[in-house]
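The values are calculated or read from the model by the stated rules, or taken from the named source; none is laboratory data. All figures in this text were calculated on a predicted structure; none of them were measured in a lab. Note that each Cβ is placed from the backbone with ideal geometry, even for glycine, and that neighbours are counted across all protein chains shown. Side chains are part of the model used for accessible areas, which takes the heavy atoms of the whole protein and leaves out ligands, DNA and RNA. Shrake-Rupley method; radii C 1.70, N 1.55, O 1.52, S 1.80 Å.
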Amino acid sequence: MTRKTIKVTIPYNKPDELISLAENVNNKHEELGESSPLSALNKMDVFGDKLGQAGQLRNESKKLRNQSESKMEEAKLNLGIAAGQTKETPDTVYNLMLRIRDLLLVTHQGNEEKLSEWGFKVVVGQAKKKVKATE
C-alpha cells in the first residue's frame, strides 16, 4: 500500500507570486462570506489590509525603480559613460576630465605629483632600462 504525500508551497522569495496567491485566497474567502473556513482565523481583516498595503507598495516600488533607472541613464549620459559614448563624446564629464588632466599635466610638467592636490591619483614610478639578452 502506498502512502499519499502532500506538499503545498507558498512562494516566499517571490513577492509578486506571493501577492497573487494571497489575492486569490482573499477573493475566495470574500466569495464564500460567512461560510469561509478562514473566518475562524479572525484575522482576515488584518490579512486584507496588509495585502492591500503590500500590493500598493510593491506597485509604487516598481514605478520608482523605473524612474530610478531612467535617472541613472541620464546621469550616465552626462558623465559620458553611457552605451555608445567614448572619450571623444563632447562636453561630457569624462571628456572634460581628460582635457582637464591633460592641461594640468602640461601646467605641472616635471612636477606631476601636483595633480594629487586636485584629487587625481598620481602614481610615480621609474621604468627600468631594457637589458639586451646576450647569447
(1) open to solvent by 60 Å² or more (accessible area, probe 1.4 Å); (2) of a type outside the set (D, E, K, R); (3) part of a loop (DSSP other than H, G, I, E, B) all hold for Pro11 apart from (1)
Give all pairs with beta carbons closer than 7 Å in which a residue from region 115-135 that is closer than 13 Å to Leu105 by Cβ meets a residue that is open to solvent by less than 100 Å² (accessible area, probe 1.4 Å) and in a loop (DSSP other than H, G, I, E, B); count only pairs at least 6 apart in sequence or on separate chains.
Leu115/His108; Leu115/Val122; Ser116/Val122
For Lys71, indicate whether it is over 30 Å from Thr9 (Cα atoms), open to solvent by less than 100 Å² (accessible area, probe 1.4 Å) and of a type in the set (Lys, Arg).
no
Looking only at region 87-121, count every residue that is under 27 Å from Ala75 (Cβ atoms) and part of a loop (DSSP other than H, G, I, E, B) and tell me the total.
9
Considering every residue within region 36-44, establish whether at least one is over 27 Å from the mean Cα position of the chain (by Cα), over 30 Å from Val93 (Cβ atoms), charged (D, E, K, R) and open to solvent by 60 Å² or more (accessible area, probe 1.4 Å).
yes
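From the list Glu60, Glu30, which one is among the acidic types (Asp, Glu), open to solvent by less than 100 Å² (accessible area, probe 1.4 Å) and more than 30 Å from Gly119 (Cβ to Cβ)? Talk me through it step by step, then tell me what you get.
Values: Glu30 fails: open to solvent by less than 100 Å² (accessible area, probe 1.4 Å).
Within the list Glu60, Glu30, the selection yields Glu60.
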